[in-house]
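The values are calculated or read from the model by the stated rules, or taken from the named source; none is laboratory data. Remember, predicted model here, so these are calculated numbers, not experimental data. For neighbour counting, all protein chains shown are included, and Cβ atoms are generated from backbone atoms with ideal geometry for every residue, glycine included. Areas reflect the complete protein model, heavy atoms only, side chains present, ligands, DNA and RNA absent. Shrake-Rupley method; radii C 1.70, N 1.55, O 1.52, S 1.80 Å.
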Amino acid sequence: MSTASPLPPEAPFGHNLHLLPQTNQLRALHTVIRDRHARREDFVFYSGRIIRMLIEEGLNLLPFEPHDVETPVGRKYPGLRFASEICGVSIARAGESMEAALRVACPSIRIGKILIQRDKVTKLPHLYYSALPPDIAKRHVLLLDPMLATGGTALAAIQVLLDRGVAEEHIIFVTLIAVPQGIAAVTRRYPRVKVVTSSIEERLNEHAYMLPGIGDFGDRYFGTDK
Ligand code: URA
């Protein structure tokens, strides 16, 4: 069962936004990674812990079917098992930081990749590269990007999956932090896509960074910040 209660349908983003329970532990983990003075190894370690929670929550949203087993003491356990095939798709570069957590939970999972960048002239998101499992149309997809800011990249990535035949309701977008503008962009255009996040930020600043935010996630995670 999902631990992150979906927001009530009257909430501005609809019932497909799943916000992790805002526990003290989660706030403490966020406190480490939001600190501008955090050491890189702490940023990687503690963001990884939150990402593991998000992945588990994403897996909670998959369909399950009954699967009974017999226990060592001869009793039936009325269990469940995953009812669908799944795969991950990371949006390069920051989404690659979420692949390890997905592999911990699902060691043999297939993970595709999408590279989308904003065209310098048109300012529109442009698909540069994609490598996806050939049978992706029959799978549920955990789409991975830790930052949901304007939503432009997320929308383009979801469109790539739809063009490959993935059902909209089979897409679970997993993101570390999100801003209302980006959540609205995704949930209005694709109301059947599920969005899992650990924090809803206040807003974007004039440079499209989230506030209070985390800075540039990719640079901090991969150690390419100045
Ligand atoms: N990407 C980031 O890395 N950080 C933001 O705040 C927004 C987009």
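Accessible area, 1.4 Å probe, largest first: how do Tyr46, Tyr190, Tyr221, Tyr209 sort?
Descending order: Tyr209, Tyr46, Tyr221, Tyr190.
In Å³ and rounded to a whole number, note down the convex hull volume per residue for the Cα atoms of the chain.
Looking at the chain, the number lands at 150 Å³ per residue.
For the Cα atoms of the chain, what angle does the longest principal axis make with the long axis of helix 24-34, in degrees from 0 to 90, nearest 10?
Taking the Cα atoms of the chain, the angle to 24-34 is about 40 degrees.
Where in the chain lies the longest segment free of GluC sites (Glu not before Pro) that are both loop residues by DSSP (not H, G, I, E, B) and have at most 12 other Cβ atoms within 10 Å?
Formally, the longest exposed-site-free interval is 11-201.
For a quick check: with amide H placed at 1.01 Å from N, whose amide H comes under 5 Å from Val179's, ignoring anything fewer than 5 positions away on the same chain?
Those lying under 5 Å, H to H, from Val179 are Leu148, Glu201.
Kindly list the residues of the range 144-181 that lie in the label zone of Arg52, defined by a backbone N under 18 Å from the point 7 Å along the Cα-to-C-beta vector.
Only 175-176 fall inside the zone, counting backbone N under 18 Å.
Determine ³J(HN,Hα), in whole Hz, for all residues of the range 199-207 in sequence, where each value follows from phi through the Karplus function 6.51 cos²θ - 1.76 cosθ + 1.60 and θ = phi - 60°; x replaces Gly and Pro.
Computed from phi, the couplings for the range 199-207 are 7, 9, 7, 6, 5, 8, 8, 5, 9 Hz.
Tabulate in residue order the Karplus-calculated ³J(HN,Hα) for the range 93-107, using 6.51 cos²θ - 1.76 cosθ + 1.60 with θ = phi - 60°, rounded to whole Hz; enter x for Gly and Pro.
9, 4, x, 5, 5, 9, 5, 4, 5, 5, 5, 5, 6, 9, x
Taking Cα pairs under 8 Å and at least six residues apart, what relative contact order does the chain come out at, in percent?
The value is 20 percent.
With a/c under 1.5 counting as rounded, go ahead and sort the range 153-218 into rounded, prolate or oblate using the C-alpha gyration tensor (a ≥ b ≥ c being the square roots of the eigenvalues; past the cut-off, prolate if a/b is larger than b/c, else oblate).
prolate
For helix 152-163, what angle does its Cα long axis make with the longest principal axis of the chain, in degrees from 0 to 90 and rounded to 10?
40 degrees
I need the phi-derived Karplus couplings for the range 115-125: 6.51 cos²θ - 1.76 cosθ + 1.60, θ = phi - 60°, integer Hz, Gly and Pro marked x.
Whole-Hz 3J(HN,Hα) from phi for the range 115-125: 10, 10, 9, 6, 5, 5, 8, 7, 6, 8, x.
Run the quick spin-label model on Glu169 and Ala92: label points 7 Å from Cα toward the beta carbon, then report their separation in nm to one decimal.
That separation, rounded to one decimal, is 3.4 nm.
Do any trypsin sites (Lys or Arg not before Pro) in the range 138-211 lie in a loop, going by DSSP, with at most 12 other beta-carbon atoms within 10 Å of their beta carbon, and if so which?
Answer by residue number: Arg192.
What's the lysine pair count for the range 82-226 at a Cα cut-off below 30 Å, pairs eight or more apart or interchain?
Lysine pairs, 8 or more places apart or on different chains, close enough: 8.
At a Förster radius of 35 Å, what calculated FRET efficiency corresponds to the Cβ-Cβ distance of Ala131 and His15, to the nearest 0.05?
For Ala131 and His15, the calculated efficiency is 0.60.
Just the number, please: percent antiparallel of the DSSP beta bridges in the chain, rounded to the nearest 5.
Percentage antiparallel, nearest 5: 40.
Using only helices, what value at 222 nm comes out for the chain when you add -39,500 (n - 2.57) per DSSP H run of length 4 or more and divide by the total residues, to the nearest 500 deg cm²/dmol?
Dividing the helical sum by the residues of the chain leaves -9000 deg cm²/dmol.
Using a simple charge model, +1 on the beta-carbon of Lys and Arg, -1 on the beta-carbon of Asp and Glu, nothing else, what dipole does the chain show about its Cα centre, in debye to the nearest 20?
The dipole of the chain has a size of about 220 debye.
Under the 0.36 nm per residue contour assumption, what length would be gained going from the current alpha-carbon distance of Asp35 and Phe64 to full extension?
Computed gain between Asp35 and Phe64 is 6.5 nm.
How far is helix 180-189 tilted, in degrees, relative to the longest principal axis of the Cα atoms in the chain, given as a value from 0 to 90 rounded to the nearest 10?
60 degrees
Return the distance in nm (one decimal) between the two label points of a simple spin-label model at Asn205 and Thr122, each offset 7 Å from Cα along Cα→Cβ.
Computed distance between label sites Asn205 and Thr122 equals 3.0 nm.
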